[in-house]
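Read the structure below first, then the notes.
FYI, it's all coordinate maths here, none of it is from the lab. In this text, all values refer to a predicted model and were calculated from it rather than measured experimentally. Quick reminder, even Gly has a Cβ in these numbers, built from the backbone with ideal geometry, and neighbours come from all protein chains shown.
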Amino acid sequence: MNVAVIGAHGSIARTLTPLLTQNGHSVRGLVRKESQFDDLRSDGAAPVLCDIETVGADELDRAIGDSDVVLFAAGAGPGSGPERKLSVDRDGAIKAVESAVRTGAKHFIIVSSMGADDPPADDDDFSVYLQAKAAADEAVRGADISATILRPGRLTDDAPKGHVTAAQSVERGEIPRADVAAVLAQIIEQRSPLDKTLELVSGDTPIQAALASPFP
Ligand SMILES: NC(=O)c1ccc[n+]([C@@H]2O[C@H](COP(=O)([O-])OP(=O)(O)OC[C@H]3O[C@@H](n4cnc5c(N)ncnc54)[C@H](OP(=O)(O)O)[C@@H]3O)[C@@H](O)[C@H]2O)c1
């Protein structure tokens, strides 16, 4: 399959791309800095310059091209203020799903966050971040495309455990980024799009079994 990854230089995305290419998929990596192109090539992706905050619809459609799967893995990041939470985590994701629909992709996947189901109404950065994720998820749910909304708990850089708990609602917890990447690879590998909103933390179930149907 052809997979477009938006935010392809992020930690999760950089672990995911080699998993996808090892499985025989082609990856277009969308990044906003040409200085990241060599890293993307070494991961096995074809780099495409695309700043999700400023890109127009036609240019984004060209960047996504004929991808079967579009993954939104970008994020404004911890150092950013509320404006960028809205312009990247909310508006960037909404642009991405609209483009996935226009370009005829079969499956849209977004890395959302645990807590986006019921974001606090405050205006501190973290609350705005969860509000942005919630608005993006709502747009994804309403779009005319099969979509997986993945909501991991707190991300760590620990070594992958290979075991997770994934369900519509799980106890708060954390999960290594490498396990989130492995879950994304498995969701893409399964080919039949997982049209679900899933919370995800480390757990006791091997990833493949945790994503097998019937789904909790
Ligand atoms: N931290 C947590 O505990 C937690 C928990 C749940 C979910 N999440 C979410 O998980 C997702 C991925 O996590 P991660 O650790 O892989 O994130 P990450 O390493 O911070 O990667 C995010 C990527 O988004 C890119 N990006 C930012 N603005 C962009 C723009 N305008 N256009 C294109 N790309 C842009 C960044 O590129 P640059 O190098 O150009 O900045 C960066 O490579 C994020 O959405 C995050 O919010 C985080």
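So the values come out like this:
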{"item": "Sorted by Cβ neighbour density within 10 Å, fewest at the top, the residues M114, M1", "result": "M1, M114"}
{"item": "Distance (nanometres) between label positions extended 7 Å along Cα→Cβ at Q168 and K106", "result": "2.6"}
{"item": "Nearest-0.05 FRET efficiency for T54 and F126, computed from C-beta distance (R0 25 Å)", "result": "0.50"}
{"item": "Separation of alpha-carbon centers, the range 132-168 and the range 26-81, rounded to whole Å", "result": "19"}
{"item": "Which of S192, S80, S67 has the fewest Cβ neighbours within 10 Å, and the rest in rising order", "result": "S192, S80, S67"}
{"item": "Inter-probe distance in nm under a simple model that places probes 7 Å from Cα toward Cβ, at S35 and D61", "result": "3.3"}
{"item": "Mean Cα-pair separation over length for the chain, i.e. relative contact order, pairs under 8 Å, 6 or more apart, %", "result": "18"}
{"item": "Amide H within-cut-off set for V164, under 5 Å, with H built and near neighbours excluded", "result": "G203, D204, T205, I207"}
{"item": "Spin-label pair K161/S42, simplified geometry with 7 Å Cα→Cβ offset, distance in nm", "result": "3.0"}
{"item": "Pairs beyond 28 Å (Cα-Cα), from K33/K85; K161/K196; K33/K196; K106/K161", "result": "K33/K196; K106/K161"}
{"item": "DSSP-loop trypsin sites (Lys or Arg not before Pro) across the range 25-130, with at most 11 other Cβ within 10 angstrom", "result": "K33"}
